[in-house]
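Single-structure report; data block below.
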Amino acid sequence: MTTLPLRLSGEVAQALAEGAAVVALESTIITHGMPYPQNLETARRVEAEVRAAGAVPATIAVIAGEIRVGLEADALEALAQATDVAKLSRADLAACLATGGTGATTVAATMICAARAGIAVFATGGIGGVHKGAEESFDISADLQELAQTPVTVVAAGAKAILDLPKTLEVLETLGVPVIAFGQDGFPAFWSRESGLPAPLRMDDPAGIAAAHAMRAALGLPGGQLVANPIPEADEIAADTLAPLIAGAQQEAEAAGITGKSVTPFLLQRLFELTGGRSLTANIALVLNNARLGARIARALAE
Ligand code: PSU
Ligand code: MN
């Protein structure tokens, strides 16, 4: 039998053994979602935010054929500076581990690793979803399927506005994934607080979200929950400011023949350029906000 190469940091192992609150964090946002050095600075700030809110952060990545849960400072720095790191989703994880490879974990892969480590809550920026034009390209993120089968509650600022949000919500409904807006009725759109679409569920209290997570397990339901946490008001970018820029970036991606897992990083990078860096400032603010809420949910679950 092959044993899973899963290595927990001392701090994470101890927290899990004591039943303390732990929040998983992904690494693709570091390697493919933000430029250096803001990515490293943000990764550190997100971890600090989780700690300040009373939980232990567990940044997850695959390094030299091992799943690492809780990255030491030097490993985090190396990852943030690397330029040729693989982007690992459900489909890539086993092959990367088996060949001793190194890669950053997407939402889907981070959920799998978190679940194997015994972590129930994961905070990130935005999940992948159904891309615009999916009726032609069939580009639907594996993150959605993962939410349907792996029992981790994922805190995100909704789905990125580069996606087709109505179709993303439809697929989540079909897959039976609870989509819970935190503290408002509308589904947030990453850089903007409102997408104009109602969220299927609303909760105002982290304890309720933790209780619903536990109740799904009691029901014997596989899969997790998506908590859609709106970006703080001071940091949001109006949806109609972004819409034309997103449309432009989309056209460029198509013209350049960008497909598959390169699509999301390409669009994020172009929006960063087109907004003069503002999309990144907003992205950082919403990730920090999600880290805080993730810690509150993890603490409620640990009680
Ligand atoms: N959110 C961000 N930046 C990112 C991502 C999410 O703010 O880079 C990453 C996540 O890792 C997510 C992935 O799982 O993009 C989705 O990629 P794709 O559309 O190829 O499934
Ligand atoms: Mn895709």
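The values are calculated or read from the model by the stated rules, or taken from the named source; none is laboratory data. What you see is a predicted model; the values in this text were computed from it and never measured. For neighbour counting, all protein chains shown are included, and Cβ atoms are generated from backbone atoms with ideal geometry for every residue, glycine included. Note: accessible area is taken over every heavy atom of the protein model, side chains too, but ligands, DNA and RNA are not part of it. Shrake-Rupley method; radii C 1.70, N 1.55, O 1.52, S 1.80 Å.
Between residue 303 and residue 255, what's the calculated FRET efficiency when r is the beta-carbon distance and R0 is 41 Å? Round to 0.05.
So the FRET efficiency works out to roughly 0.20.
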* Run the accessible area of the range 16-138 with a 1.4 Å probe and give the carbon-and-sulfur part as a rounded percent. => 52
* Structure fact -> Given a 1.4 Å probe, the accessible area of the range 125-303 per residue, as a whole number of Å², is 42
* Structure fact -> Heavy-atom accessible area per residue of the range 1-119, all protein chains kept, 1.4 Å probe, expressed in Å², is 42
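What does the extension gain come out to for residue 64 and residue 148, with contour length at 0.36 nm per residue minus their alpha carbon separation?
Value of the extension gain: 27.3 nm.
What ranking do 115-125, 3-13 get when scored by the average of other Cβ atoms within 10 Å per residue, highest first?
Top of the packing list down: 115-125, 3-13.
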* Asked: Using a 1.4 Å probe on the protein chains only, how many percent of the accessible area of the range 147-253 belongs to carbon and sulfur?
  -> 59
* Inter-site label distance for residue 20 and residue 77 at 7 Å from Cα along Cβ, in nm -> 2.4
* If you rank 203, 215, 34 by how much accessible surface each has, with a 1.4 Å probe, what is the order from largest down? -> 215, 203, 34
* Only helical DSSP H runs with n ≥ 4 go in: add -39500 (n - 2.57) per run for the chain, normalise by residue count and round the 222 nm mean residue ellipticity to 500 deg cm²/dmol. => -14000 deg cm²/dmol
* Given Cα pairs under 8 Å that are at least 6 residues apart, what percent is the relative contact order of the range 145-303? -> 30
* To do: Distance between Cα centroids, the range 167-191 to the range 7-73: provide it in whole Å.
  => 25
